[in-house]
Amino acid sequence: MGLRHAGAPVVMTGSTTALSPSRRGLHVITWGCQMNVYDSARMSDVLRPLGYQSVDAPEAADMIILNTCHIRDKAAEKVFSELGRLRKIKEARKEEGAQTIIAVAGCVAQAEGQEILTRAPYVDIVLGPQTYHRLPEMVARAARAGGAVIDTDFPAEQKFDFLPDAAAPQTPGNYTAFLTIQEGCDKFCSFCVVPYTRGAESSRSVTSVLAEARRMAESGVKEISLLGQNVNAYHGEGPDGTVWGLAQLANALATIPGLSRLRYTTSHPRDMDDALINAHRDLPALMPFLHLPVQSGSDRILRAMNRGHTADEYRDIVRRLRDARPDLALSSDFIVGHPGETDEDFEATMQLVRDVTFAQAYSFKYSPRPGTPAAGAPLQVPEDVKDARLQALQALLRQQQDAFNAALVGQTIPVLFTGEGRKPGQIAGRSPWLQPVHVSGPRHLIGQELPVRITERLTNSLGGTLVEETVYA
Ligand code: 5AD
Ligand code: SF4
């Protein structure tokens with residue numbers, strides 16, 4: 001499974017700074033999963049020594065990076081339409097005598113590199129997710145040659161070994177952070193492009209992960225979300241030369257002073273081993289919220305998808321997880337309308353949802369990705385059938401999400417406050433289950449984890465009051 005792929009683009013920008021003449025403006029547009037958000041931050045890191053600083057407006061940028069996502073439909077078209085917009089900015093700046101480097105990064109760049117240079121010749125750099133540590137060299141080459149540079153290798157060197165100190169992006173005031181520990185996927189689900197765009201599974205060493213986590217904690221980060229396309233397939237080299245799994249890594253991370261919350265995403269049911277399930281029992285820092293994509297509840301379709309487990313095996317994993325950590329809530333990904341999916345198969349998915357109950361989930365209509373096995377499979381499901389199934393599934397999932405949120409009203413739960421709320425006098429944070437929570441409270445509580453009594457359920461968040469208010473006043 002991949003990571004979160006929200007439809008709306010995430011636009012990452014830093015604060016606009018008045019740039020001194022030696023400084024250059026960098027504008028990064030990030031689409032897709034948290035892995036891309038992390039990669040964008042690292043690309044900014046490697047460019048910082050070259051004088052690049054984040055700017056909010058693309059019009060003020062000497063370099064614009066479009067970090068793309070290829071997981072679902074029309075990814076390439078979306079990229080070309082955005083590039084059309086960036087081209088206009090580049091041309092307007094050129095008239096004023098300013099040069100603008102346009103780089104396309106991420107999974108669309110990996111999959112369609114040559115096509116991008118052909119259709120959008122004003123693009124200067126195309127780089128895949130495995131080569132962003134080489135970005136400074138590419139920028140130099142692009143500036144020198146004036147021609148386009150393409151680098152979509154799967155290089156032998158590990159990009160993480162070539163990245164600058166990752167403490168740099170942890171600006172004070174960030175209480176939550178992402179940390180990529182694993183990349184790529186060898187699972188080859190029938191529908192998915194990730195094995196082709198992100199390459200084979202590889203894990204960072206334990207030493208480098210722990211060092212980055214320590215730096216994050218020292219800069220004030222309280223909650224770390226470990227990232228990987230197949231994060232629970234993590235198998236990093238341990239300091240003792242043995243291979244460590246995710247459970248062992250989580251145990252070590254939990255000892256870092258100041259880190260009170262750990263999460264990991266995204267996991268595959270096949271890699272949910274006993275050690276990891278036990279870690280949910282033994283480590284209070286491991287948050288009781290797990291994104292565990294199942295995709296379908298039908299054994300026939302799970303087989304066709306090459307998922308490597310049955311619906312009952314998924315139910316069993318969930319049961320063992322909940323035995324280990326009774327307050328654990330689940331999130332998942334579903335695909336409706338995979339080739340060959342019958343009404344009966346779809347009903348099996350609905351039944352699995354009823355049996356497991358999810359606090360939150362993402363569901364998609366199957367969309368063929370060129371080059372993947374399912375794209376050429378017979379028995380493609382008609383669009384109107386996919387629509388009807390998606391509606392039915394989403395209605396059920398929404399009901400479960402509402403029920404989960406409603407059940408929290410009246411309870412007291414720990415909230416990690418991360419910033420100001422929407423209304424004046426409010427502060428906001430997140431629950432153990434990742435719901436946003438708003439309370440009335442003073443700003444100096446931001447950065448602390450405090451008990452909150454939940455009083456109301458809003459559309460996409462919870463409202464509450466600080467417990468023992470007088471103590472914090
Ligand atoms: N069609 C629809 N959904 C897909 N996903 C991945 N590939 C496809 C596709 N071809 C979904 C899966 C995955 C999530 C990140 O995106 O549910 O878990
Ligand atoms: Fe996830 Fe399967 Fe895609 Fe791998 S191939 S990223 S396991 S959906």
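The values are calculated or read from the model by the stated rules, or taken from the named source; none is laboratory data. Bear in mind that the values here come from a model prediction, so they are computed numbers and not experimental data. Here Cβ is always computed from backbone atoms with ideal geometry, including for glycine, and neighbour counts include all displayed protein chains.
Pick from the stretch 194-222 the residues that are in contact (Cβ under 8 Å) with a residue 60 or more places away in the chain and surrounded by fewer than 24 Cβ atoms within 10 Å (Cβ to Cβ): which of them is nearest to ARG261 (Cα to Cα)? Spell out the reasoning first.
Initially, the stretch 194-222 is screened for residues in contact (Cβ under 8 Å) with a residue 60 or more places away in the chain, giving 194, 196-199, 220, 222.
Within this subset, residues satisfying the condition of being surrounded by fewer than 24 Cβ atoms within 10 Å (Cβ to Cβ) are 196, 199, 220, 222.
Working: TYR196: 33, GLY199: 30, GLY220: 12, LYS222: 6 Å.
Per the criteria, the residue is LYS222.
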Restricting to the stretch 113-138, and then to whatever is surrounded by 22 or more Cβ atoms within 10 Å (Cβ to Cβ) and touching a residue at least 40 places away in the same chain (Cβ under 8 Å), can you tell me which residue is farthest from the chain's Cα centre (by Cα)? VAL123
I need a count of the residues in the stretch 305-316 that are more than 16 Å from ligand 1 (Cβ to nearest atom) and not basic (Lys, Arg). 4
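Give the number of residues within the stretch 194-207 that are part of a loop (DSSP other than H, G, I, E, B) and either more than 8 Å from ligand 2 (Cβ to nearest atom) or modelled with pLDDT of 90 or more (or both). Break it down into steps so the answer makes sense when it comes.
Narrowing the stretch 194-207 to residues part of a loop (DSSP other than H, G, I, E, B): 198-201, 204-205.
Those left that are additionally either more than 8 Å from ligand 2 (Cβ to nearest atom) or modelled with pLDDT of 90 or more (or both): 199-201, 204-205.
Qualifying residue count, the stretch 194-207: 5.
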Please go through (1) closer than 30 Å to ALA374 by Cα; (2) touching a strand residue (DSSP E or B) at 6+ places or on another chain (Cβ under 9 Å) for ARG42 and return the number of the only condition it doesn't satisfy. (1)
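Per-residue answers, yes or no, for (1) within 16 Å of ligand 1 (Cβ to nearest atom); (2) under 27 Å from GLU91 (Cβ atoms); (3) of a type in the set (Lys, Arg); (4) modelled with pLDDT under 90:
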site	(1), (2), (3), (4)
ILE116	no, yes, no, no
LEU127	no, yes, no, no
LEU135	no, yes, no, yes
VAL149	no, yes, no, yes
ASP153	no, no, no, yes
ALA166	no, no, no, yes
GLN170	no, no, no, yes
Selection within the stretch 291-304 - within 16 Å of ligand 1 (Cβ to nearest atom) and either surrounded by fewer than 24 Cβ atoms within 10 Å (Cβ to Cβ) or without any contact (Cβ under 8 Å) to a residue 24 or more places away in the chain (or both): HIS291, LEU292, PRO293, LEU302, ALA304
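Here is a yes/no grid of residues against (1) among the aliphatic types (A, V, I, L, M); (2) in a helix (DSSP H, G or I); (3) at pLDDT below 80:
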position: THR16; (1), (2), (3): no, no, yes
position: ARG48; (1), (2), (3): no, yes, no
position: LEU66; (1), (2), (3): yes, no, no
position: ARG85; (1), (2), (3): no, yes, no
For the stretch 249-273, name all the residues that are in contact (Cβ under 8 Å) with a residue 60 or more places away in the chain and part of a helix (DSSP H, G or I). LEU249, ARG270
Odd one out for ILE71, checked against (1) part of a loop (DSSP other than H, G, I, E, B); (2) surrounded by 20 or more Cβ atoms within 10 Å (Cβ to Cβ); (3) more than 16 Å from ligand 2 (Cβ to nearest atom): (3)
Qualifying residues in the stretch 325-381 (those that are without any contact (Cβ under 8 Å) to a residue 24 or more places away in the chain and among the acidic types (Asp, Glu)) - the one nearest to LEU434 (Cα to Cα): GLU347
Test result for VAL409, buried (at least 16 other Cβ atoms within 10 Å of the Cβ) and either among the hydrophobic types (A, V, I, L, M, F, W, C) or at positive phi (or both): no
Top-ranked residue of the stretch 317-343 - restricted to ones that are over 21 Å from GLN229 (Cβ atoms) and within 13 Å of ligand 1 (Cβ to nearest atom), ranked as surrounded by the fewest Cβ atoms within 10 Å (Cβ to Cβ): PRO339
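Can you name the residue in the stretch 319-351 that is among the aliphatic types (A, V, I, L, M) and in contact with a His (Cβ under 7 Å, 6 or more places away or on another chain) and is also farthest from ligand 2 (Cβ to nearest atom) among such residues?
Filtering first and then ranking leaves ALA324.
In the stretch 254-268, which residue that is in contact with a helix residue (DSSP H, G or I) (Cβ under 7 Å, 6 or more places away or on another chain) and β-branched (Val, Ile, Thr) is nearest to ligand 1 (Cβ to nearest atom)?
As a first pass, look at the stretch 254-268 and keep what is in contact with a helix residue (DSSP H, G or I) (Cβ under 7 Å, 6 or more places away or on another chain): 256-259, 262, 264-268.
Still in the list and also β-branched (Val, Ile, Thr): 256, 265-266.
On the way: ILE256: 29, THR265: 10, THR266: 7 Å.
Filtering the stretch 254-268 for residues that are in contact with a helix residue (DSSP H, G or I) (Cβ under 7 Å, 6 or more places away or on another chain) and β-branched (Val, Ile, Thr), the one nearest to ligand 1 (Cβ to nearest atom) comes out as THR266.
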Filtered residue count, the stretch 274-296, keeping only those that are within 16 Å of ligand 2 (Cβ to nearest atom) and either part of a loop (DSSP other than H, G, I, E, B) or of a type in the set (Val, Ile, Thr) (or both): 4
Exactly one of these conditions fails for GLN53: (1) out of contact with any Phe, Trp or Tyr (no Cβ under 6 Å at 6 or more places or on another chain); (2) in a helix (DSSP H, G or I). Give me its number. (2)
Select from the stretch 374-400 the residues that are farther than 24 Å from GLU313 by Cα and within 16 Å of ligand 2 (Cβ to nearest atom) and write down the one among them that is modelled with the highest pLDDT. ALA375
Quick one: which of ILE427, ILE454 is hydrophobic (A, V, I, L, M, F, W, C), part of a strand (DSSP E or B) and under 30 Å from ASP355 (Cβ atoms)? ILE454
Step by step: first the residues of the stretch 222-248, then only those that are within 16 Å of ligand 2 (Cβ to nearest atom) and part of a helix (DSSP H, G or I), then the one that is nearest to GLN182 (Cα to Cα). Which residue is that? VAL231
Taking the stretch 459-473 and keeping residues touching a Pro at 6+ places or on another chain (Cβ under 9 Å) and modelled with pLDDT under 95 leaves ASN460, SER461, VAL467, GLU468, TYR472, ALA473
